[in-house]
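Okay, so here's the structure we're looking at.
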Amino acid sequence: MILIYIKQKMPWILTFCLLSLSILALGLLDTEIPNISLIYISAVNLVIFSIFLGVDYYRGRKYRKEFRSLERISDIDSLPAPETPYQKIADDKMEKFLKNHNELLERESVKTRENLDEMTKWIHDMKMPMTTMKLMIGDLNDSKRQEIEEEWLRLDSMLNEMLYDRRLSNISNDLYIENVEVEQVITAALRKLRVLCMEKGIGFNLHLHQVHMETDLKWFSFIIDQFIMNSVKYSENSDIDIESFLEGGWPVLVIKDRGRGIREQDLPRIFEAGFTSTSDHGDSQATGMGLYLAREAARAMDIRLHVESVYGEGTTVTMTLPKKNKFQHVSTM
């Protein structure tokens, strides 16, 4: 800090040295002026100048120290009161920058909220014809029914991803922790995939020892939907095991399939936004957003996710929910 201050005041110091040398040079040019007087004058000036630098350094030291530690423009309010004229000018400028910055953020925030509202309205508007289409598909009897229902399921899944992606930014205000019946959530998820499961020869084994869990029904259902849908999507002619239990007081839900599995190099990246696969990159059905949204929602709800997989053998997803005494923290985030 002192070295930086000295560099900043170097023009003053060099000017003072030049003046002192000029005074001493007078003794060489004019022999009638006693050298001792010139040395005395230079010494007094040096003391006065040193005192001035010391006072000036310590007068603005606290402000400079806090200013150097700033990381965000929003931290300007934490600065101490400026002590020097230069610091007051700088402080006024930063206050104007902060005001302009906040106004810009507010304008962008309003635009973002308007866009989100329009997108949410569009998604909800799409839900009505989707419901009508579902009823019409149910009346079909020909061989095309399964194909059409599978495509409808994909479209419905993408609309849900878009809707929950918009809600995710405000999830802390959207959470409502309640006593959720696990079987009801899983049954609702399986009902959506009933036709696809029949087509692919997939069955389910439910072992729900923990019948109820304290969580948010809507977001918990969304997370379950994503993992069960992935298990069904990448499985053929096999059973999927779903088990719930308590482990050391922690509610645990496990989904285990015997499908394609995940390659070892892909496993650390499955929760990245937009990531689909390195080995099966040509899969046009994958959006890479479902698991990302599930992970972000799980984080907000303090749910731990752990995925194990062996390529060619299957995947196991373990969800560990918070204990009851931690829900006050989750619900008041």
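Yes or no: the stretch 114-121 includes at least one residue that is surrounded by 15 or more Cβ atoms within 10 Å (Cβ to Cβ), at pLDDT 75 or above, outside the structural domain of Arg61 (by TED's automatic domain parsing) and among the hydrophobic types (A, V, I, L, M, F, W, C). No - not one qualifying residue is present in the stretch 114-121.
Within the stretch 146-163, if we keep just the residues that are of a type outside the set (Asp, Glu) and free of Cβ contacts under 8 Å to residues at least 40 places away in the same chain, the residue that is farthest from Met126 (Cα to Cα) turns out to be Ile148.
A single entry from Glu199, Glu150 fulfils the requirement of being of a type in the set (Asp, Glu) and in contact with a Leu (Cβ under 6 Å, 6 or more places away or on another chain): Glu150.
Just one residue in the set Tyr57, Tyr63 is surrounded by 13 or more Cβ atoms within 10 Å (Cβ to Cβ), at pLDDT 75 or above, assigned to a helix (DSSP H, G or I) and among the aromatic types (Phe, Trp, Tyr); that residue is Tyr57. Checking each residue in the stretch 164-186 for being more than 27 Å from the chain's Cα centre (by Cα) and in contact (Cβ under 8 Å) with a residue 60 or more places away in the chain picks out only Val182. Among the residues that make up the stretch 187-194, is at least one of them over 32 Å from the mean Cα position of the chain (by Cα), assigned to a helix (DSSP H, G or I), under 30 Å from Lys324 (Cα atoms) and assigned by TED's automatic domain parsing to the domain that holds Arg260? Yes, the conditions are met somewhere in the stretch 187-194.
The values are calculated or read from the model by the stated rules, or taken from the named source; none is laboratory data. Values in this document were obtained by computation on a predicted structure and should not be read as measured data. Please note: Cβ atoms are built from the backbone with ideal geometry, for glycine as well, and neighbour counts cover all protein chains shown.
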